[in-house]
1. Looking only at region 320-335, how many residues end up being within 14 Å of the ligand (Cβ to nearest atom) and surrounded by 17 or more Cβ atoms within 10 Å (Cβ to Cβ)?
2. Which ones in region 415-458 are of a type in the set (D, E, K, R) and out of contact with any Leu (no Cβ under 9 Å at 6 or more places or on another chain)?
3. Can you find even one residue in region 51-63 that is polar (S, T, N, Q) and away from the ligand (no atom under 16 Å from the Cβ)?
4. Does LEU308 count as of a type outside the set (Asp, Glu) and within 16 Å of the ligand (Cβ to nearest atom)?
5. So which residues in region 416-439 are out of contact with any Lys or Arg (no Cβ under 8 Å at 6 or more places or on another chain), free of Cβ contacts under 8 Å to residues at least 60 places away in the same chain and assigned to a loop (DSSP other than H, G, I, E, B)?
6. Just name the residue that is farthest from ALA59 (Cα to Cα) out of those in region 103-120 that are more than 9 Å from the ligand (Cβ to nearest atom) and among the polar types (S, T, N, Q).
7. Residues being of a type in the set (Ser, Thr, Tyr) and either under 21 Å from ASP56 (Cβ atoms) or within 12 Å of the ligand (Cβ to nearest atom) (or both): count how many of those fall in region 74-102.
8. Within the group ALA317, ALA313, ALA344, which residue is more than 16 Å from the ligand (Cβ to nearest atom) and over 24 Å from the mean Cα position of the chain (by Cα)?
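The values are calculated or read from the model by the stated rules, or taken from the named source; none is laboratory data. What you are looking at is a predicted structure, and each value in this text was computed from that prediction instead of being measured. All Cβ positions, even for glycine, are placed from backbone atoms using ideal geometry, and neighbour counts span all protein chains on display.
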Amino acid sequence: SDNKAWSGRFAEPVAELVKTYTASVGFDKRMAEFDIQGSLAHATMLARAGVLSDADLAAIRDGMEAILADIRAGRFDWSVDLEDVHMNVEKRLTDRIGDAGKRLHTGRSRNDQVATDIRLYMRDAIDRIVTHIRELQTSLLDLAEPNAATVMPGFTHLQVAQPVTFGHHLLAYVEMLGRDAERMIDARRRVNRLPLGAAALAGTTYPIDRHYTAELLGFDDVCQNSLDAVSDRDFAIEVTAAGSLVMLHLSRLSEELILWMSPRVGFIDIADRFCTGSSIMPQKKNPDVPELVRGKTGRVTGHLMGLLMLMKAQPLAYNKDNQEDKEPLFDTVDTLVDTLRIYADMMRGITVKPEAMRAAVLQGFATATDLADYLVKKGVPFRDSHEVVARAVKLADTRGCDLADLSLDVLKEFSPLIEQDVYAVLTPEGSLAQRDHVGGTAPAQVRAQIARWRGLLA
Ligand code: ARG
């Protein structure tokens, strides 16, 4: 059974291995609904332009409706002989309605057809991804809210740096995800343009109305150059790049969750339903989900590299290389959607251990900068106060205590300007409260940011 759509000029059937090697139906059948949507819009436009009769259009609509029902019900028999989703659907349509089905492809090529299908698929995928990003942000806010004043060590170089609140730390990820959503929404503007009408590469001889087709499909505009319309996949690369950043941000959070759940740190616990055990070590409870997210980040950034390499060195216009865009694209979208969904759920399954976080702050001289700032406010130049405090830290370190455990007499030996009120800045709470400006970690600021984000997400 040869592919009758194009085998007319061939002297022998295509080799079996070549048939499976070149077929894409195994993976592009998932675009079927968008393919039919595009075909219906194209046929409607052709009928309005007088290229198709109203009777043909009616037959095409009925036929497509039945085909769509078959596909949704899992009754559609996909054939590798028919190569891809486009020819499978078209052949079935012709089997059902005869000549009207054969007229559907007038003024169209699979080249502009597939470019349209991918854009419809991507548009839908972007909308789903943005929704799931918003849900994860909400879930992070729900965890941040009761922890707006929960003291934890802020780290640089993984060394204790200064006290922050756990809520503030989580809000950093809310910001990252906010930019991720912005990037997706921005890329959507470039995705949402119509390639149909470009036909194979040069346009078509029929009196088509591309703006009408665009309107029917909800595209904002038409692609303005036929060669560009069928050949570039930069929009897909952009979305995969934006998706790689989503994964990269979640990979960083995953790394932290894993670290925080380690018994050596013990800042949080992750609900059992997101963890797995060991088949040999009975005591184990492993943070598999964050580990897999970290691992799948490599997979998605790998797809980005694959798509970049796919485009490079392709001469204009369409080349079959482009068929290779779909699997990485679909897998990127699937991975993102699943990851975002599981993450939103997992954040609701986190138990915070405030005592462990606070104990860690008290071990790392986290308020040393506060003591330096205290002296600056009493007139000591910052470089000098830095030096003074460094010596105080050295003494506390040899005594195995925190700065706040040094008596006033001892502290006064480092600087006579130090008074009883110093202890207000040496506590983690005192340190937090003083960082009371936009973007700072003071609990009041954290609460204000949570309220701001709630408003933005409402
Ligand atoms: N399956 C093809 C793809 O995914 C459809 C376009 C094929 N066009 C062609 N002239 N071979 O790109």
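1. Within region 320-335, residues that are within 14 Å of the ligand (Cβ to nearest atom) and surrounded by 17 or more Cβ atoms within 10 Å (Cβ to Cβ) number 7.
2. We begin by selecting, within region 415-458, every residue of a type in the set (D, E, K, R); these are 419, 421, 429, 435-436, 447, 452, 454.
Scanning region 415-458 gives ASP421, GLU429, ARG435, ASP436, ARG447, ARG452.
3. Looking through region 51-63, at least one residue is polar (S, T, N, Q) and away from the ligand (no atom under 16 Å from the Cβ).
4. On the way: of a type outside the set (Asp, Glu): yes; within 16 Å of the ligand (Cβ to nearest atom): no.
Against the criterion (of a type outside the set (Asp, Glu) and within 16 Å of the ligand (Cβ to nearest atom)), LEU308 does not qualify.
5. PRO416, GLU419, GLN420, ASP421, ARG435, ASP436, HIS437, VAL438, GLY439, listed by residue number.
6. The qualifying residue farthest from ALA59 (Cα to Cα) is THR116.
7. 1
8. The unique qualifying residue is ALA313.
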